[in-house]
Each structure stands twice: as C-alpha cells, then as structure tokens.
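Below: one structure, written as structure tokens.
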Amino acid sequence: IYSPRAIESDCYLEVRADNNKDFSETDRRNVLQSCDGGEGSISWRREALCEKISDPTSLVVPEFEDHRHQVVVDEYKRPEFFHPWMCMDTGWKDHTACLYSYVDFESQVLVVESVIWVHYKTLGDISQMIKEREATLFPDSLLGKMGTRMRRIGDMTQMDLNNLRKDHGVAVRYVDKGFKTGYASSMEANIARLRTGIQQGRLRVLDNETTKPLIHQLQHGTWNDSRTDFERPSNVNKASSSLIGHCDCIAALAYLWRNTNFRENPYPSNVNNNQKFFYFDEEKASREEGLIRAFSTRKFGH
C-alpha cells in the first residue's frame, strides 16, 4: 500500500546492503540471524537487498513468477472464432471480480482480456458495468457473426443469481466448484489445476489497466497459515488501496479455469480451420461452372 505511493510522490529511497558503504560485517551478521537459509534466502533478499518478493511456500500461485513473461502479454491476436467467457466472484467488503476471457481453441489457451474489480457495489451497479464492458469487448454484432453468445458463470447466492437475471437482464450460471479431493478445500484443488495450466503455457493475461489486480494477485497472493483461505490485508478497510484484496481475481480465475469448456469447437462446420476461410459445396460449384461454360453465360437463377 505505502511503497507505491511513496515511489509515485518521489519520497522513496532504496539502499541495498550490497550498495551501502555503511553496511558493516556486524550488520550483515545481525541480519543473517533472522534470515532462514543465509544469504540468497528469501528473507535475505527481502531484508538486505530490498527485493519485493514473496515466499514461494506461501504463494497461492508460485508458478506465476517463473512464467510471468509468457502469461502477461501486451497483446494477443484473437482467433476468427471463439466463445467468450465471464466469471465473477462477488463480495461487498471483499471485492467483486469479473474476468472476461475466451479460449483460443486451436492453441488451447485461455486469454483474459479485461477485469472488473470493485467493492461496495450493488447488483444494479455491477450489472451496468457488465453490460458496458461486454458491449465494448464482445458486442452483439461480433457474437452474431461468430454464431455464439456470452457464457457467464459466478460464485453467487441463488437469490443474487435470480435477481441479476430477473431485475437486471444479466443471466449468470452458478459455478461448478468441484469437491474436496484430498486437499484442504475445493478451492485449493481448483488452484492446483490452474497452476498446472500455467506450467503448460495455456494462460495469457493482457497487460492493461483493468488487469492490474489480477496480475498483482497472481504475483503476491498468499494462503493463510492453515491454507484454508487466502490471506487478507491486515486492515480490511484499507483493502481498497491495495491490489490484493481477498485475492478475488484469483478465485474467479480458478473457477473460470475449471468451468471453461476448452473442448467446445467455436468454428462452424463450413470453415476450414487450417486455412481460415469459408468453403462451399465443391461438387455443386463444379456443376455450376460446367453449366456456365456450356451456355457461355453467367446469368443463372439461384
């Protein structure tokens, strides 16, 4: 919360131990006494070298750091056909996170293009944001051209799902969270699947202003000590000034990963997937060309 503000206001000074002439051998021994693992450890890198890194043993998605260069991209070319997905994890004091994505079917890659991340918002407020965001990302003209529709899922109460549909015209299906499979919670099982997907290179997140909370949470989000829930900021009321919140974007991403149908082919049957063009009945076309040559005219009734 505080370091970014200090950096922005030019009130931040960082002096690493290895660049500090006043850092003595006694200072080094004193710091090492509180660092498990000695020099090169996470503690040493934090305390002595001022590196802003998290302990991988407590991170929710420790694979993200090694694969960040592959996951976070400036742009990703949309395929000609795809099915758009939105997954939301709702909250009041905690944030509501809505992730907008699609599957690049041929590459089997999930691409997250945009994020809504707000709190203290009513269902009416959120529904309006959803409509405005979808009109920009996936307008009806594009959906009609691709012959598809929005696929919305959410971690919400049945009452909120019904109110969102009946009162605000936004249909959302309840997420399939799965069941506990030896993990402390179904969430950790879903996170495990997401982590494997990141290792396989099957996730992309566009780097833009809206996706900052998601990227930040993937990098810094941690479990609580019992690994039953995400760690919250020490002062929940100040969570709005932090990009962590309750890792609501990670929760939405985990549910999105579990519920997205990667096997659903978005390409119509009259599309050549290799060449990316429409084709027609070749036998019929050949027959019509024969008639054209025989009668030396192209004026046929259709």
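For segment 256-263, 3J(HN,Hα) computed residue by residue from phi via the Karplus equation (6.51, -1.76, 1.60; θ = phi - 60°) reads 4, 4, 5, 8, 5, 8, 5, 8 Hz, glycine and proline entered as x. Packing, taken as the mean count of other beta carbons within 10 Å per residue, orders the peptides 17-29, 210-222, 160-172, 249-261 from highest to lowest as 249-261, 210-222, 160-172, 17-29. Loop-resident trypsin sites (Lys or Arg not before Pro) (DSSP state other than H, G, I, E or B) in segment 37-116 with no more than 14 further Cβ atoms inside 10 Å of their Cβ: Lys52, Lys77, Lys93. If you take the square roots of the eigenvalues of the alpha-carbon gyration tensor of segment 53-116 and sort them as a ≥ b ≥ c, do you get rounded (a/c under 1.5), prolate (a/b over b/c) or oblate? It comes out oblate by the Cα gyration axes.
In this rough spin-label picture, where each label sits 7 Å from Cα along the Cβ direction, the Val73-Val118 distance is 3.0 nm. Here the 3J(HN,Hα) profile of segment 158-168, calculated from phi with Karplus coefficients 6.51, -1.76 and 1.60 at θ = phi - 60°, is 4, 4, 5, 4, 5, 5, 5, 6, 6, 8, 10 Hz, Gly and Pro shown as x.
Coordinate-derived values only; no laboratory data. Just so we're clear, the structure is a prediction, and the values are computed from it rather than from any experiment. Every residue, glycine among them, receives a Cβ derived from its backbone with ideal geometry; neighbour counts consider all protein chains shown.
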